[in-house]
Ligand SMILES: *Cc1c(COP(=O)(O)O)cnc(C)c1O
């Protein structure tokens, strides 16, 4: 018996192997070196033969130089915050690749001079929401609200209903964000009922603006009242509507979800929304509405700290102008086609205990709380949940009544083969 530690190949020798040269050019020396170190450790522990180190390194190298991994979202939650919210469309990904190098994000190729930053993305957004006289894009919706408060309410009051003092998730509370901008909150009404007169009585010389926040992740039902934007539009101060979800126009499947066009038509001076929820684009904060107010926001010194990069602008424009983004496709898929896919998959996976079942998907953190989206799933024995998460690519399903459900509403039809393959690999 020889001590396995004595046969561990030297790092330099492994890295010098031609098979690993290309990997180092693609992923960087550090990433490959980390994989080599892990393989050497396995030799030391006696789990791997010295001769197999290179093969092991090639098999365990990460797909990219970054640690984030592509996952298949089979949770049925379309806008899943922990899974990166909206997946970008192919068109958006291509736009990101095109804009990734030097790009004309702020340059006019005709005149050779500086141009308005992200003009194409801003034009696409303005076209998608005709009721907006002017648009601006910042880092996310939180940044949109922050910029609004910094410009319109420093040292002033923001009037909002007690029923809309919202925490979005991960401890993010909109009221605290607004106060951090130096604004004071003037809460009006009660948790369940607020009337126009409550707002009217609170408005005075100290008012910066009235804010309506869409409670995107919960619902208050029963004895409730809340004035519409139309009723609040005539109070003589700017009316800001945080619609959250980023729907730009009404969607038939989500009748109660507010949209930017309708909110502006109803009388909102400004609308703020996220880019990576129901719009299906990159993380971004959209600010739409009154031209003078939007220009004031854009000129605020903080706007520079909140501005988006060229990749976001490219992805946003392609999401707006290109083919329907995956989020919209998931929302619009018919139950019939989902059921057919589930049945087909369950048939090919029958030997693993798969069954096709009805399921209920949801929009998710992005909006439409309590709106059930009828769906279909492949149901597997519970233990598959963990096995699938550990696969490549990882598949994240949903546990329900001791079964692992793979909800197909959030899986693109062209990923069905990959999903089936992932299940087969678990069993082998
Ligand atoms: C999601 C949401 C936010 C926060 O948006 P981010 O883009 O995550 O910053 C703010 N307000 C509402 C109503 C939301 O739904």
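Some notes on this structure:
- At R0 = 41 Å, FRET efficiency that the Cβ-Cβ distance of residue 12 and residue 351 yields, to 0.05: 0.30
- Extension gain from residue 386 to residue 70, taking 0.36 nm per residue of separation minus the Cα-Cα distance: 112.1 nm
- Stretching residue 421 away from residue 195 to a fully extended chain increases their span by 75.8 nm, per 0.36 nm per residue minus the current alpha-carbon distance.
- Percent of beta bridges antiparallel (DSSP, the chain, rounded to nearest 5): 60 percent
- The slack between residue 94 and residue 47, meaning 0.36 nm per residue of separation minus the straight C-alpha distance, is 12.7 nm.
- Nearest 10 degrees, 0 to 90: helix 416-427 Cα axis against the chain principal axis: 50 degrees
- Spin-label model distance (nm) - residue 402 vs residue 184, 7 Å beyond Cα toward Cβ: 5.9 nm
- Förster radius 35 Å - calculated FRET efficiency between residue 108 and residue 295 (Cβ-Cβ, nearest 0.05): 0.95
- Spin-label pair residue 55-residue 126: with each label point 7 Å from Cα along the Cα-Cβ axis, the two points sit 6.2 nm from one another.
- For the range 177-310, the share of DSSP beta bridges that are antiparallel, to the nearest 5, is 35%.
- Helix axis angle, 119-128 relative to the chain longest principal axis, alpha carbon, degrees: 60 degrees
- The Cα atoms of the range 4-118 give a gyration tensor whose axes a ≥ b ≥ c have a/c of 1.5 or more with a/b no greater than b/c, which makes the shape oblate.
- Of all DSSP-defined beta bridges confined to the range 90-323, some 45% are antiparallel rather than parallel.
- A viscosity of 1.567 mPa s and a temperature of 4 °C, combined with the Kirkwood radius over C-alpha pairs in the Stokes-Einstein formula, give the range 170-326 a diffusion coefficient of 76 µm²/s.
- Tilt relative to the chain, helix 141-152 - C-alpha long axis, 0 to 90 degrees, to 10: 30 degrees
- Per-residue ellipticity at 222 nm computed for the chain from its helices equals -10500 deg cm²/dmol, with DSSP H segments shorter than 4 residues left out and the rest contributing -39,500 (n - 2.57).
- Debye intensity ratio I(q)/I(0), log10, the chain, q values 0.07 Å⁻¹ (C-alpha model): -0.45
- Per-peptide average of other Cβ atoms within 10 Å, ordering 392-404, 162-174 highest first: 392-404, 162-174
- Once the Cβ-Cβ distance of residue 340 and residue 253 is raised to the sixth power relative to R0 = 25 Å, the FRET efficiency obtained is 0.80.
- Simple spin-label estimate for residue 165 and residue 324 gives 4.2 nm between the two label positions (7 Å along the Cα-to-Cβ direction from each Cα).
- Whether the range 13-73 is rounded, prolate or oblate, judged on the alpha carbon gyration tensor where a/c under 1.5 counts as rounded: oblate
The numbers here are math on the coordinates, done by the rules we state, and not lab data. All of these numbers come straight from a predicted model, not from anything done at the bench. Every residue, glycine among them, receives a Cβ derived from its backbone with ideal geometry; neighbour counts consider all protein chains shown.
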